[in-house]
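To keep things clear, I will list the structure first and then write my remarks on it.
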Amino acid sequence: MNASWQVGPQQITGLCDHMMLASRKEHNPSWRRRFTRKKSATITRAKVHFLAYATMDGILPMNIKRLAIVAFLIFGVIYAIDFLSLRVQIPRRPRLGNVTVHVTYLVKLKSGKTEYDDGGDHQLSCSNSLFPQLGYQPCWYTARHSDQQISIDSGNPKNPSLF
């Protein structure tokens, strides 16, 4: 056993009492008599053993590290496959597509009001892929976000300076 997490029976009992009493709104002495010391010490010993073992020996952090590494590798493989399918054009499809985007300008005036100006429809290039590739957003994302709002702030009404 590792000496860094060994705890005496009195310390375990005190820790258990502290944990149980901290979860209650008020201290009630009759509540304390309902539980035997041995039962509360066993519950706490399991908790203390798990927490000390998991953090001191590195079991819990090691599993989190492994999970993060596996998730990163899976994401990297999927991104590489998506990139290669776009470059090699498998399946046969054009690399780039066009989506019509409607632009609206929101101009905040100095009086505190907002003016809406129509910017018209524009063709926006996008990549036919799962992730953003070649400096373009994916077409499936651009098609779902076909309304763009561009905010323009004309200044603070309390500070009328030009710059």
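Each value in this text was obtained by applying a stated rule to the coordinates, not by laboratory testing. In this text, all values refer to a predicted model and were calculated from it rather than measured experimentally. Using ideal geometry, Cβ is built from the backbone for each residue, glycine included, and neighbour counts are taken over all protein chains shown.
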Among 131-137, 84-90, how do they line up from the highest to the lowest mean number of other beta-carbon atoms within 10 Å? 131-137, 84-90
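In segment 96-153, what % of DSSP beta bridges are antiparallel (nearest 5)? Please list the in-between numbers first.
Details: 14 of 22 bridges.
Among the beta bridges of segment 96-153, antiparallel pairing accounts for roughly 65 percent.
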Using 7 Å Cα-to-Cβ label points, what is the Leu130/Ile64 separation (nm, one decimal)? 2.8 nm
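Pull out the extension gain between Val107 and Ser85, defined as 0.36 nm times the separation in residues minus the alpha carbon to alpha carbon distance; nm, one decimal. Intermediate values should be presented prior to the final figure.
Details: separation 22, 0.36 × 22 = 7.92 nm, distance 4.17 nm.
Additional length available on full extension: 3.7 nm.
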Segment 96-153: C-alpha gyration tensor shape, a/c 1.5 cut-off, then a/b vs b/c: prolate
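Please compute the net charge surrounding Val103, taking Lys and Arg as +1 and Asp and Glu as -1 over other residues with Cβ under 13 Å from its Cβ.
Details: positive: none; negative: Asp117, Asp118, Asp121, Asp147.
Net charge around Val103: -4.
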